[in-house]
Protein chains: 2
Amino acid sequence: MTRVDVREKVLAANAAAAAELRRRFAAQGTLVVNLISSPGSGKTTLLEATVRGLAPRLRLGAIEGDIATERDAERLRRLGIPAHQILTGGACHLDARQVRDALAARDFGALDILFIENVGNLICPTSYDLGEDFKAVLLSVTEGEDKPFKYPAIFSRAAATVITKADLLPHVAFRLDEAREQVAALNPECRLLVLSATTGQGMAEWEQLLMESLDRKRSAAAR
Amino acid sequence: MTRVDVREKVLAANAAAAAELRRRFAAQGTLVVNLISSPGSGKTTLLEATVRGLAPRLRLGAIEGDIATERDAERLRRLGIPAHQILTGGACHLDARQVRDALAARDFGALDILFIENVGNLICPTSYDLGEDFKAVLLSVTEGEDKPFKYPAIFSRAAATVITKADLLPHVAFRLDEAREQVAALNPECRLLVLSATTGQGMAEWEQLLMESLDRKRSAAAR
């Protein structure tokens, strides 16, 4: 087998596991969001702010992916939601079988929304379906507005682009219009949000997107 | 062949190509630095500032790795140094054969220092030797001080950790001491520098590290 053959086989096995997860999440009425970004773009900080905003109304849970350390799951458990850490060893992305194993290893109970925080990496997680309803890609304003065109695969596939750390905009040379144009060129349907999990700016729009997505999924299931 | 067999075969082929590159760079007396970081940590901006500081005294060149866009090589060519862009398509790291092909495709002339700016990714580039003298890992202060323990492989193998965007320290909750301790725990020999390519703070120490490394390489070759 060549390298390409092996990759295709791995992706096919992943797709089968993801389809099984998607059926299970549909039966449970759980919205699943796969969060993807560079290391340090603020995925866990966004989840912390989301839990503070939505946990009073919704049952939330999280699966955290990292090469090493339990730190991110611990941060979310401190806020009172079930969170399971997957340690990938050296692997640069999560796969659907790891998500299935995480669901078997921890009792999440019935969830309204399950967040899957992928390994910090703008490239490799893109190809691995985890049974999610949609991918959200985060881009912090400190990373520069050129990233959508440099990493087109994830910005083409994500249903939402979340520009994070907007509170730092006065201190960096980030051209928001340019980022917006690049995302629109790659993916005209993509929702683009600008927020700061630290100040709360833009968080209401993010929470509304989650609530609407959950409602839409449950309405579709009821029909 | 299993997935592991394929990976081992790929890494063995890469190691052979890297060894050939290393012999060539030794014969030419060219210092080679492999820059690795998350997307948006400031690799190209550091190179721009380095060129402004050192190009009057040294012959510099750059090989730029990206999934897509010629943007980074263009930024460096505008400063008057030879720069070649490798577009990896979807691949998440550079390999030694791509570097060899880049050297064949563009006339770099005799260089004192060749910078290889890897694809923005803290994980996958770690395993691929490019014939460099040393790897430098960049970590911007906006990414958080927890990254060395979360991405231990690269912080263990890099001879230099460069903390970038130090001008943003007043605006973010980055604990420099914690980052320093994590790097020291993983890699006691690692040089740690704190700098801002925007303000120039710390740039002299970085340039000195490069000059000393070049002198050391040439002195060793002369013996």
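Residue by residue, here is whether (1) away from chain B (no Cβ under 14 Å); (2) more than 13 Å from residue A:182 (Cα to Cα); (3) at pLDDT below 95 holds:
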residue	(1), (2), (3)
A:111	yes, yes, no
A:120	no, yes, no
A:123	no, yes, no
A:126	no, yes, no
A:130	yes, yes, no
A:139	no, no, no
A:145	no, no, no
A:159	yes, yes, no
A:164	no, yes, no
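Among the candidates B:55, B:62, B:91, B:83, single out the residue that is within 14 Å of chain A (Cβ to nearest Cβ) and small (Gly, Ala, Ser). Give the derivation first.
Working: B:55 fails: within 14 Å of chain A (Cβ to nearest Cβ); B:62 fails: within 14 Å of chain A (Cβ to nearest Cβ); B:83 fails: within 14 Å of chain A (Cβ to nearest Cβ).
So the residue among B:55, B:62, B:91, B:83 that is within 14 Å of chain A (Cβ to nearest Cβ) and small (Gly, Ala, Ser) is B:91.
When you look at residue B:160, is it without any contact (Cβ under 8 Å) to a residue 24 or more places away in the chain and among the hydrophobic types (A, V, I, L, M, F, W, C), yes or no? Full working, then the answer.
Details: without any contact (Cβ under 8 Å) to a residue 24 or more places away in the chain: no; among the hydrophobic types (A, V, I, L, M, F, W, C): yes.
For residue B:160, the condition - without any contact (Cβ under 8 Å) to a residue 24 or more places away in the chain and among the hydrophobic types (A, V, I, L, M, F, W, C) - is not met.
Restricting the range B:94-107 to residues that are of a type in the set (Lys, Arg) and more than 14 Å from every other protein chain (Cβ to nearest Cβ), which is surrounded by the fewest Cβ atoms within 10 Å (Cβ to Cβ)?
This residue is B:106.
Residue B:136 fails exactly one of the following numbered conditions: (1) closer than 18 Å to residue B:44 by Cα; (2) in a helix (DSSP H, G or I). What is the number of that condition?
Every condition holds for residue B:136 apart from (2).
Taking the condition of being within 17 Å of the chain's Cα centre (by Cα) and either more than 14 Å from every other protein chain (Cβ to nearest Cβ) or on the phi > 0 side of the Ramachandran plot (or both), how many residues in the range A:65-80 meet it?
1
What are the residues in the range B:16-45 that are of a type in the set (D, E, K, R) and more than 14 Å from chain A (Cβ to nearest Cβ), if any? Even if it seems obvious, please write down each step before you answer.
Filtering the range B:16-45 for residues of a type in the set (D, E, K, R) gives B:20, B:22-24, B:43.
Matches in the range B:16-45: B:20, B:22, B:23, B:24.
Among (1) touching a Gly at 6+ places or on another chain (Cβ under 8 Å); (2) farther than 17 Å from residue A:133 by Cα; (3) not charged (D, E, K, R), which single condition is residue A:21 missing?
All conditions are met except number (2).
I'm told residue B:130 meets every condition in (1) hydrophobic (A, V, I, L, M, F, W, C); (2) assigned to a loop (DSSP other than H, G, I, E, B); (3) more than 16 Å from the chain's Cα centre (by Cα) except one. Can you identify the failing condition by its number?
Only one criterion in (1) hydrophobic (A, V, I, L, M, F, W, C); (2) assigned to a loop (DSSP other than H, G, I, E, B); (3) more than 16 Å from the chain's Cα centre (by Cα) is unmet by residue B:130, namely (3).
Inspect all residues belonging to the range B:161-169 and state whether any of them is more than 12 Å from residue B:42 (Cα to Cα) and assigned to a loop (DSSP other than H, G, I, E, B).
no
Return the residue satisfying two criteria in turn: it lies in the range A:22-46 and is among the aliphatic types (A, V, I, L, M) and touching a helix residue (DSSP H, G or I) at 6+ places or on another chain (Cβ under 6 Å), and of such residues it is farthest from residue A:151 (Cα to Cα).
A:31
Identify the residue in the range A:180-203 that is touching a residue at least 40 places away in the same chain (Cβ under 8 Å) and farther than 18 Å from residue A:135 by Cα and, among all such residues, is surrounded by the most Cβ atoms within 10 Å (Cβ to Cβ).
Restricting attention to the range A:180-203, the residues satisfying the condition of being touching a residue at least 40 places away in the same chain (Cβ under 8 Å) are A:195, A:197-198, A:200, A:203.
Now narrow it down to the ones that are farther than 18 Å from residue A:135 by Cα: A:197-198, A:200.
Numbers: A:197: 26, A:198: 16, A:200: 13.
The qualifying residue surrounded by the most Cβ atoms within 10 Å (Cβ to Cβ) is A:197.
The values are calculated or read from the model by the stated rules, or taken from the named source; none is laboratory data. Predicted model, so just to flag it, every value in this text is computed and none were measured. A quick note on method: Cβ atoms are made from the backbone with ideal geometry, for glycine too, and the neighbour counts reach across all protein chains shown.
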